[in-house]
Amino acid sequence: MTNTMRWSFAGVLALILLLTPVLLATSWQGSASARLEETEAAEAGREMPAVATASEADEAYCTPELRQILRRVLTSCGLIGGSGRGCQPVEARSVATMRGDDFNALFLPMQERGGILQFERAEATLDASDTALIDRVFADRRGASYFFVVARASPEGSVERNRELSRERAEAVMSHLRTTFNDPELDRQVGLLWLGEEYAQLQANFCEWQRSGGEECRPEDLNRSAFVAWIDCVL
């Protein structure tokens with residue numbers, strides 16, 4: 001090897017050694033900046049821009065607002081982490097961070113995937129038409145990840161009693177699912193919210209949904225209920 005070639009090789013090697021720390025520092029700085037942005041966004045309650053992904057289980061109704069509420073529900077109601085439980089009215093209101101009518105409007109496009117179980121006044125017992133509707137909706141999963149049960153009560157008694165009544169209705173649905181399907185994954189799939197009479201009362205436009213419990217669909221009938229549906233959103 002000539003002296004000229006040796007000097008050229010040595011020069012290239014020196015340049016590589018000189019640039020390596022700079023490139024690594026730039027890479028680390030970029031990664032750190034991305035992590036910091038994610039952390040600050042989470043602390044401020046902002047959504048990071050989503051990476052577009054194709055999925056057969058991501059429906060048109062999966063708006064950014066609905067995704068945000070679903071993430072909050074899944075965290076606050078214990079599904080993330082596998083410790084399934086329920087959200088009561090005060091928690092549900094803080095989870096949704098919006099007016100009741102706006103909260104309900106997010107679920108209107110799910111009409112074809114959901115059902116409404118109508119209960120008798122002051123009752124939380126499932127009858128044959130209720131269980132048939134639960135089974136039909138639950139069996140129609142189509143690759144969805146989470147099954148939501150949102151129970152309510154009409155304002156016909158005390159606030160405290162209606163909170164308890166809506167909780168009993170949500171838990172009646174969960175109990176039926178456990179008994180019927182005997183699936184150990186249920187606690188990581190089913191989210192329960194009980195809203196009492198205090199938040200997000202259903203309006204007449206929900207009468208068009210498939211319902212159990214008779215033909216009556218006055219507001220008081222419609223809100224003695226539990227809404228059930230698979231949610232086909234990629235979170």
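Laboratory data are not the source of any read-out in this text; all were calculated from the coordinates shown. On a predicted model such as this, the values are computed, not experimentally measured, just so you know. Note that each Cβ is placed from the backbone with ideal geometry, even for glycine, and that neighbours are counted across all protein chains shown.
Some notes on this structure:
- Mean separation of Cα pairs under 8 Å and 6 or more residues apart, divided by the residue count, gives region 64-231 a relative contact order of 38 percent.
- Only Lys, Arg, Asp and Glu carry charge here, each on its Cβ (+1 for the first two, -1 for the last two); on that basis region 64-231 has a dipole of about 640 debye about its Cα centre.
- HN-Hα J in Hz across region 190-205 - Karplus 6.51, -1.76, 1.60, θ = phi - 60°, x for Gly and Pro: 9, x, 10, 10, 10, 9, x, 9, 8, 8, 6, 5, 6, 10, 4, 5
- Amide hydrogen proximity for ALA151: with H placed 1.01 Å from N in the peptide plane, the residues at 5 or more positions away or on another chain lying under 5 Å are LEU193, TRP194, LEU195, PHE227.
- Two-site FRET efficiency, ARG136 against ARG161, from Cβ-Cβ distance with R₀ of 35 Å, rounded to 0.05: 0.70
- For the pair MET98 and CYS207, a Förster radius of 25 Å applied to the C-beta separation gives a FRET efficiency near 0.65, rounded to the nearest 0.05.
- Anisotropy class of region 64-231 from Cα gyration tensor, a/c 1.5 cut: rounded
- For the pair GLU65 and ALA128 in one chain, pulling the backbone fully straight at 0.36 nm per residue adds 19.2 nm over the alpha carbon distance.
- For region 64-231, share of DSSP beta bridges that run antiparallel, in % to the nearest 5: 55
- Cβ crowding within 10 Å, taken as a proxy for footprinting-reagent exposure, orders PHE119, PHE206, PHE181 from fewest neighbours to most as PHE181, PHE206, PHE119.
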